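Report on the following structure.
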Amino acid sequence: MRLVSLLILTFAAAVLQAQSVSQRSASTAQSDREYDILFHEAMLQRQKSNHAAAFDLLARCVEMRPDAAEAHFFLAQYYTEMQQPGQAMACYKRAAELQPDNMTYMETLAQSYIQRNLFQEAVAVVEKMYQTDKGRQELLETLYRLYIQEKEYEKAVDVLNRMELIDGKSERISLAKSGLYVQLDRQQEALDEVKALSERYPNDMNYLTIYANTLMFNDRRPEAFALLSRIMSDEPQNLRAQVALRNYYIGEGDTVRTDSLTRCILMNPNATTEDKVYQLRQVISDNEQAGGDSTEVLALFGQILRQPEPDADIAELKAAYMDLKKMPRDSVTQALEYVLQLAPDRASARLHLVQFAWEADDDQRIISLCQQARQYNPEEMAFYYYQGMAYYRQEDTDHALEAFQNGISVINDESSPEIVSDFYAVMGDLLHQKGRDMEAFAAYDSCLQWKPDNIGCLNNYAYFLSLKGKRLDEAEQMSHKTVVAEPHNATYLDTYAWILFMQQRYAEARIYIDQTLQNDSLPSADVLEHAGDIYAMNGDTGQALSFWQQAYEKEPGNKLLARKIKRKKYIRQ
């Protein structure tokens, strides 16, 4: 009986245990389903840009499943947007810990460490990533930069050695290792590294030149000179060797051989434009320090530009040098025109000529230069601006407006706000002159969107609104900004006084019209008439008549002024 009872009890316990396991399994499955539903909904809300809802759902996901790496990862992105870097970092770290084989999580964590200047932590993550996937050589590049950042030069050398095992010896790696050995004060190893490169490629004179430069850097100048002489004997046009030998002669103070090699480099068919420009800038700098004898420099420019296929960059550098030396404007102009012969699309040279013409008030030449420029540089707004202003100065408002409208058509995200703002401001003035006030006001609005503190636009916009008697409160605010910015500008003071007058704030208007007259030694008829109107509405008829009479002397055909004087009172137009 006892045995039977024991068997029954054992069986009952087993049944209960099985039921418990089954219940826990069912509970886990139910929890997983609930998590999946929540996470799916979070991603759906995220896709719909309902970010607050997505954040709350992801937070619930993490509470439900603390081991859900994906929920931590997406939650971290929201913490980043919310400017909570500590919380974001904790979530990224947790996601990477939960799924260390997920390269997206690991890379994001590494980048987060780097952004917060936690380079040691970033190194640990990147090293782990590389051990996981050694096919990703860019990880070695990241490690190298991190070790350099931390000044761990030994470890940086180790990374370069790993890279060298994959790619073999190269100029970049060898020079980098040599530089690191110098930082570690291991000069012989620095030399040996570059020497090994030159010995591996004995027929490549460039590597021998690098070795010679390294010898020179380590104060082994006789060896360097011997090696460079050998290279020059084998390859007289080797540009690197010429540059290195020039540096050697500079160190020796041998100006004759230095100048000779400078000319060799500038005439070398293997020299790039950048090489030549760099050498010429050095020549100009040395020449200026020695007293600034431009004849030597110009002779050198002439020699280079007489070579077959002269370079526009060199020609433009010559023109810039001539301008810097304040040579006759005709000579500089001729040099710039030669640049355009070589490269008609060289906007900088043509713009230089336009500026010369602007300073000379030669509007016709400006128009011609800008018209040509619009064929070669249709995207350059400056040419539309100068052409429009030249027409404007000639009072050709139709062509001026056309130029500005064409210029606006090339506006893009990289356009200068100052230039775009000025375009719209001048367009507004032109449209107002043509009586197209609604279009003018729209242009002024566009101007202020690009540059809210465009003072000239604020003044004109405010004044023209006051003449229409429209939006006077807005006009007063705009005009007030101008007098704050330039409190002694008579034009801006007059505008502000007149707007106050239109608002029937006569006492205030008188204060500002007095300031206008104090800052304007030759007031126009309009200013004097404004003064008369303001004084009349302040009850000072005698002073008002004086101002009106002065205005009438400047504008004797003004019938409204004549009526004011005759009736001795303000008459609204």
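Looking for whichever is in contact (Cβ under 8 Å) with a residue 40 or more places away in the chain and open to solvent by 50 Å² or more (accessible area, probe 1.4 Å) here; the options are ARG263, ARG281, ARG257, ARG240. Which one fits?
That would be ARG263, the only listed residue that is in contact (Cβ under 8 Å) with a residue 40 or more places away in the chain and open to solvent by 50 Å² or more (accessible area, probe 1.4 Å).
Which of (1) of a type outside the set (A, V, I, L, M); (2) under 25 Å from ALA68 (Cβ atoms); (3) open to solvent by 20 Å² or more (accessible area, probe 1.4 Å) does ASN117 not meet, given it meets every other one?
With (1) of a type outside the set (A, V, I, L, M); (2) under 25 Å from ALA68 (Cβ atoms); (3) open to solvent by 20 Å² or more (accessible area, probe 1.4 Å) applied to ASN117, the lone miss is (2).
Exactly one condition in (1) in a helix (DSSP H, G or I); (2) open to solvent by less than 40 Å² (accessible area, probe 1.4 Å) is not met by GLY292; state its number.
Looking at each condition in turn, GLY292 falls short on (1).
Looking at ILE408, ILE419, ILE455, which one is β-branched (Val, Ile, Thr), surrounded by 16 or more Cβ atoms within 10 Å (Cβ to Cβ) and either in contact with a His (Cβ under 6 Å, 6 or more places away or on another chain) or closer than 23 Å to ALA497 by Cβ (or both)? Full working, then the answer.
Details: ILE408 fails: either in contact with a His (Cβ under 6 Å, 6 or more places away or on another chain) or closer than 23 Å to ALA497 by Cβ (or both); ILE419 fails: either in contact with a His (Cβ under 6 Å, 6 or more places away or on another chain) or closer than 23 Å to ALA497 by Cβ (or both).
That would be ILE455, the only listed residue that is β-branched (Val, Ile, Thr), surrounded by 16 or more Cβ atoms within 10 Å (Cβ to Cβ) and either in contact with a His (Cβ under 6 Å, 6 or more places away or on another chain) or closer than 23 Å to ALA497 by Cβ (or both).
Find the residue count for the stretch 343-371, including only residues that are loosely packed, with under 15 Cβ neighbours inside 10 Å and either within 15 Å of ARG329 (Cα to Cα) or over 28 Å from the mean Cα position of the chain (by Cα) (or both).
Looking only at that region, the number is 6.
I'm trying to understand the selection: among the residues of the stretch 335-370, which are assigned to a helix (DSSP H, G or I) and among the charged types (D, E, K, R)?
Correct list: GLU337, ARG350, GLU359, ASP363, ARG365.
Filter the stretch 242-279 for residues that are within 24 Å of PRO308 (Cβ to Cβ) and of a type in the set (A, V, I, L, M, F, W, C) and give the result.
Result: VAL243, LEU261, CYS264, ILE265, LEU266, MET267, ALA271, VAL277.
For the stretch 294-325, enumerate the residues that are farther than 20 Å from ARG346 by Cα and of a type in the set (Val, Ile, Thr).
THR295, VAL297
Counting just the residues of the stretch 97-114 that are open to solvent by 50 Å² or more (accessible area, probe 1.4 Å) and under 32 Å from the mean Cα position of the chain (by Cα), which one comes out nearest to LYS151 (Cα to Cα)?
GLN111
Any idea which of TYR386, TYR392 is in contact (Cβ under 8 Å) with a residue 12 or more places away in the chain, open to solvent by 60 Å² or more (accessible area, probe 1.4 Å), assigned to a helix (DSSP H, G or I) and of a type in the set (Ser, Thr, Tyr)? Step through it out loud before you land on a result.
Values: TYR386 fails: open to solvent by 60 Å² or more (accessible area, probe 1.4 Å).
Just a single option satisfies the conditions, and that option is TYR392.
Take the residues of the stretch 171-204 that are in a loop (DSSP other than H, G, I, E, B) and surrounded by fewer than 13 Cβ atoms within 10 Å (Cβ to Cβ): which is nearest to the chain's Cα centre (by Cα)?
Per the criteria, the residue is ASP185.
For residues that are modelled with pLDDT of 85 or more, farther than 23 Å from GLN341 by Cα and of a type outside the set (Val, Ile, Thr), tally how many sit in the stretch 254-267.
Residues flagged as modelled with pLDDT of 85 or more, farther than 23 Å from GLN341 by Cα and of a type outside the set (Val, Ile, Thr) within the stretch 254-267 amount to 6.
The values are calculated or read from the model by the stated rules, or taken from the named source; none is laboratory data. Note that the structure is predicted; figures quoted are calculated from it, not measured. Neighbour counts are summed over all protein chains in view; Cβ atoms, including those assigned to glycine, are modelled from backbone coordinates with ideal geometry. For the accessible areas, the whole protein counts, side chains as well, though only heavy atoms, and no ligand, DNA or RNA atoms are used. Shrake-Rupley method; radii C 1.70, N 1.55, O 1.52, S 1.80 Å.
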